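Beneath this line is the structure, given in structure tokens, with notes to follow.
The values are calculated or read from the model by the stated rules, or taken from the named source; none is laboratory data. What you see is a predicted model, and the numbers here were worked out from it, not measured in a lab. Every residue, glycine as well, gets a Cβ built from its backbone with ideal geometry; the counts of neighbours run over all protein chains shown. The protein model used for the area step is the full one, side chains on, heavy atoms only, and it has no ligands, DNA or RNA in it. Shrake-Rupley method; radii C 1.70, N 1.55, O 1.52, S 1.80 Å.
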Amino acid sequence: MSLKEDLQHKIDFKTKPLGALGQLESLALKIGLAQKTLTPELKNPHLIVFAGDHGIAQEGVSAYPPEVTYQMVLNFLNNGAAINVFCKQNNINLSIVDAGVNGDFDVNQNLFHHKIAKGTKSFSTEKAMSEEDLEQCFEYSKILIDNIAKQGTNIIGFGEMGIGNTSSASMLVNALTDISLEECVGRGTGLNNEGVSKKLEILTKAKNFHKNITDPKIALQTFGGYEVAQITAAMLAAFEKNMLLMVDGFIASAAFLVASKINPEIKNNAIFCHQSQEVGHRLLLEYFGEKALLDLDLRLGEGTGCALAYPLIQAAVNFLNDMASFESAGVSNK
């Protein structure tokens, strides 16, 4: 039998009705296939929050001012954010990356100084970053993942912080899928109806300015934030090391979309942790043909969905490894 058939047999003959553990069963199968084993394990889980500022944020696409990106990174470093609380709760290592925040930070053991510039340019009238900037994002992320891999990590999550980055994600999703801009654009950090209309108007003008872009790297260069580009690159680098990838909400999923256009095989290692309240995220998950583990009306980012879903991922591995089979437990099978 193939590994897939062996794994399915092992899952089916646990002491439970067929399929009774639902999504945990398909998750166990995916993890076993990714790790090429009947006894998968999770080692040294790590979550990285990438932060960057966006030129487009200066044009009023967010309910919050751009300086909040800088202030929230300080909050991460002071262990005050939701992601700090949830990572601590679940024993997940947390690193913060300054990919392009408009501000300077002191040296901190949990902060990687991978700043390309103090925010991208506004993609309303030019590309958000240069080709050289984008290549530097990929180089930084390769170094970062190499360092984390040395700690034995085989499961990694990706979060983000960047005022304006739902606009960046909307543009990327619209460019690389058949999902319309109207369907992608949501409330972000809490825009009212008037704010959403203004955001859509600004993004529609930008789309018309740049015309159709279908190349994933050019789309990333044009619309991405430095944090979005570094997430994309980190996902690809982590996949090269066969890590399991915990994908967070709308922005992280947009970064994953770009990564999947560069290397479609990456889908084999992806675990979609939650369905964001952002309207475009549900459509993007449908585009991937994936169902998220959680649907809690989250719209915070930071990788919070990954940290909250991690115990479920552990549960999928644990039932596969530790639950009795009908034969070993002496339980009659139907």
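Treating only the Cβ atoms of Lys and Arg (+1) and Asp and Glu (-1) as charged, compute the dipole magnitude of segment 195-272 about its Cα centre; round to the nearest 20 debye.
Here the size comes out at about 340 debye.
First select every other residue whose beta carbon is under 15 angstrom from the beta carbon of Asn108; then total the charges, Lys and Arg +1, Asp and Glu -1.
My count for the surroundings of Asn108 gives -2.
How many percent of the accessible area of segment 59-152 is carbon or sulfur, using a 1.4 Å probe?
C and S atoms contribute 46 percent here.
Mind listing the phi-derived Karplus ³J(HN,Hα) values for segment 15-31, rounded to whole Hz, using 6.51, -1.76 and 1.60 with θ = phi - 60°, and x for any glycine or proline?
6, 6, x, 3, x, 5, 9, x, 4, 5, 5, 5, 5, 4, 4, 4, 5
Report the net charge of residues surrounding Ile218, where surrounding means a beta-carbon distance below 12 angstrom and charges are Lys +1, Arg +1, Asp -1, Glu -1.
+2
Given the peptides 258-266, 186-194, 28-36, 162-170, arrange them by the average over their residues of other C-beta atoms within 10 Å, most packed first.
Per-residue Cβ counts within 10 Å, averaged per peptide and sorted highest first, yield 162-170, 28-36, 258-266, 186-194.
Using a Gaussian network model on the chain with a 10 Å cutoff between Cα atoms, which of Val61, Val185, Val279 fluctuates the most?
Its mean-square fluctuation being the largest, the pick is Val279.
What list of ³J(HN,Hα) values in whole Hz, one per residue of segment 64-77 in order, does the Karplus curve 6.51 cos²θ - 1.76 cosθ + 1.60 (θ = phi - 60°) give from phi, with Gly and Pro shown as x?
10, x, x, 5, 5, 4, 4, 5, 6, 4, 4, 4, 4, 5
Could you work out the relative contact order of segment 212-334? I mean the mean sequence separation of Cα pairs under 8 Å and 6+ apart, divided by the number of residues, in percent.
After rounding, I find 21 percent.
In the chain, with Lys and Arg counted as +1 and Asp and Glu as -1 at Cβ, which of these residues, Cys184, Asn75, Val196, has the Cα nearest the positive end of the dipole, that is, farthest along it?
The residue sitting most towards the positive pole is Cys184.
Per the 1.4 Å probe, what fraction of the accessible area of segment 224-295, in percent, lies on carbon and sulfur atoms?
42 percent
With n ≥ 4 as the cut-off for DSSP H runs, can you work out [θ] at 222 nm for the chain, using -39500 (n - 2.57) per run divided by the number of residues, rounded to the nearest 500?
Mean residue ellipticity, 222 nm, calculated: -15000 deg cm²/dmol.
Considering only the other residues whose Cβ falls under 13 Å of the Cβ of Gln151, what net charge follows from Lys and Arg at +1 and Asp and Glu at -1?
Computed value for this residue: +2.
Residues with amide H under 5 Å of Gly164's amide H, sequence separation 5 or more or different chain, H placed in the peptide plane at 1.01 Å from N; which?
Those qualifying (amide H under 5 Å, at least 5 residues apart or on another chain) number zero.
Percent relative contact order of the chain, based on C-alpha pairs within less than 8 angstrom and at least six residues apart?
Across the chain, relative contact order equals 25 percent.
Ignoring ligands, DNA and RNA, what accessible area per residue does segment 202-334 give at 1.4 Å, in Å²?
40 Å²
Packing-wise, with mean Cβ within 10 Å as the measure, how do 3-11, 105-113, 129-137 rank, highest first?
Per-residue Cβ counts within 10 Å, averaged per peptide and sorted highest first, yield 129-137, 3-11, 105-113.
What whole-number value in Å² describes the accessible area per residue of segment 71-144 for a 1.4 Å probe?
For segment 71-144, the per-residue accessible area is 51 Å².
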